[in-house]
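Worksheet: one structure, shown below.
The values are calculated or read from the model by the stated rules, or taken from the named source; none is laboratory data. All of these numbers come straight from a predicted model, not from anything done at the bench. Cβ: placed from backbone, ideal geometry, glycine included. Neighbour counts: every protein chain shown. For accessibility, only protein heavy atoms count, side chains too; no ligands or nucleic acids. Shrake-Rupley method; radii C 1.70, N 1.55, O 1.52, S 1.80 Å.
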Amino acid sequence: MNGQWARDQGESMQPPELTKYVHEHIPLSKAMGVSVVAVEDHAVLVQAPLEPNLNHQRTVFGGSASAVAILASWALLHVRLRSAGFTDDLVIQRNIMEYQHPILGHFTARSMLERPEDWKPFTAMLARRGKARITVVAVLEYMGRVAGRFSGDFVARGGP
């Protein structure tokens, strides 16, 4: 039994494997120094360093913070869809990013479904129509403090 089949039947990707996948499919993530720290059933945690994401104030550039939140959210949906046996073609449709505090160093983004109860209707719609939409949220943290909040609507295309 090969590893791809087993993963598609319910096993989750491990952080190094997901990091490699994200770097290969979204090259900006590698340039930003993004890596996956944890892959859980209902959350993905990614991290990024300050240096490649600096702005003129020597804090994290807002676009980088937003991109890390989007990457964490995209990765969560990618892993969950693959685990449920779906092929995935994911795009972000719209998002809101709220910046609460400056980020002065290494930071993380933890993504989760906004409403976990939406997962079953989402996958049912995807199986039936080949297209579905779901909202993912992420929290950015720096030094144990919430530095920003993200909410994004993602559209998935594909099928089982």
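General observations
- Estimated FRET transfer efficiency when R0 is 25 angstrom, pair residue 129-residue 25 (beta carbons, to 0.05): 0.55
- Option label - Rg and Dmax of the Cα atoms in Å computed here, alternatives (i) 14.9, 47; (ii) 15.5, 52; (iii) 28.7, 82: (ii)
- Element breakdown for the stretch 1-119 at a 1.4 angstrom probe: carbon and sulfur atoms account for 54% of the accessible area.
- Lysines whose Cα lies under 23 Å from that of residue 120, excluding same-chain neighbours fewer than 8 positions away: 131
- Sequentially through the stretch 84-96, phi angles give Karplus couplings (6.51, -1.76, 1.60; θ = phi - 60°) of 7, x, 9, 7, 10, 9, 9, 9, 8, 9, 7, 8, 10 Hz, Gly and Pro residues having no value and appearing as x.
- The candidates 125, 97, 143, arranged from most to least accessible area with a 1.4 Å probe in the full protein assembly, appear as 143, 125, 97.
- Expected 222 nm ellipticity per residue - DSSP helices of 4 or more, -39500 (n - 2.57), all of the chain, to 500: -10500 deg cm²/dmol
- Accessible surface calculations at 1.4 Å, restricted to protein heavy atoms, place the stretch 31-114 at 45 Å² per residue.
- Rounded FRET efficiency, nearest 0.05, which uses the C-beta distance separating residue 41 from residue 101 and R0 of 30 Å: 0.55
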